[in-house]
Amino acid sequence: MYFYIPLIVLQRNNIMRYILFSITIYILFCLNVYSQDEKLIKKGDAAFDTKSYSAALTAYELALQQNKDNPYINLMIAKCYLLTFPKQKALNYAGVAIRKSNPPTNEMYFIYAQALHQNQRWDSAIYYYRKSDPSKTNLKIISKLETECSYGKKYTNNQKDIKITNAGAL
């Protein structure tokens with residue numbers, strides 16, 4: 001009996017060889033992609049540690065192209081955006097990091113809260129700030145950030161149109 005595989009006709013006794021060969025090629029391909037991914041992450045970490053956030057962001061984004069579901073890469077991209085510009089982009093990456101991580105860390109919750117804070121989503125930011133410190137060890141900092149969100153909510157809800165005119169020469 002013959003099995004037809006593209007470009008190769010195999011007899012039954014050669015199927016195992018073909019399967020082992022295919023698995024070997026697949027593993028080598030995966031290891032190559034994984035090693036490139038790891039190199040980019042290490043490059044990003046090194047740049048982040050030296051506060052070269054733009055260079056770190058570039059390395060992490062290249063690594064993300066190879067592994068979109070990696071919570072660590074998404075978290076580091078969110079951190080880079082929070083430390084550079086535009087800060088609003090951090091929200092998406094921090095959200096992915098939380099969704100793809102099981103369970104999310106307190107740091108992930110804190111970064112997500114900061115991203116929500118930057119996007120003026122005050123109530124959600126307060127919720128995640130509280131969730132980021134369940135043991136209340138950073139109560140003073142979390143309270144300050146919650147207060148900022150409360151003020152932000154208060155002042156952005158009561159916006160008024162103001163017209164500024166030139167008073168003329170003094």
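The values are calculated or read from the model by the stated rules, or taken from the named source; none is laboratory data. Since the model is a prediction, treat every value here as computed from it, not as a measurement. Please note: Cβ atoms are built from the backbone with ideal geometry, for glycine as well, and neighbour counts cover all protein chains shown. Side chains are part of the model used for accessible areas, which takes the heavy atoms of the whole protein and leaves out ligands, DNA and RNA. Shrake-Rupley method; radii C 1.70, N 1.55, O 1.52, S 1.80 Å.
Quick notes on this structure:
- Only one of the listed residues (K79, K100) is open to solvent by 90 Å² or more (accessible area, probe 1.4 Å), in contact (Cβ under 8 Å) with a residue 24 or more places away in the chain, of a type in the set (D, E, K, R) and under 25 Å from K43 (Cβ atoms). That residue is K100.
- Leading residue by the ranking (nearest to the chain's Cα centre (by Cα)) among those in the range 157-170 that are more than 25 Å from H117 (Cβ to Cβ) and either charged (D, E, K, R) or surrounded by 11 or more Cβ atoms within 10 Å (Cβ to Cβ) (or both): D161
- Exactly one residue among K154, K87, K131, K144 is under 19 Å from the mean Cα position of the chain (by Cα) and farther than 28 Å from K42 by Cβ, and that residue is K131.
- Index of the failed condition, Y72 passing every other in (1) open to solvent by less than 80 Å² (accessible area, probe 1.4 Å); (2) at pLDDT 95 or above: (1)
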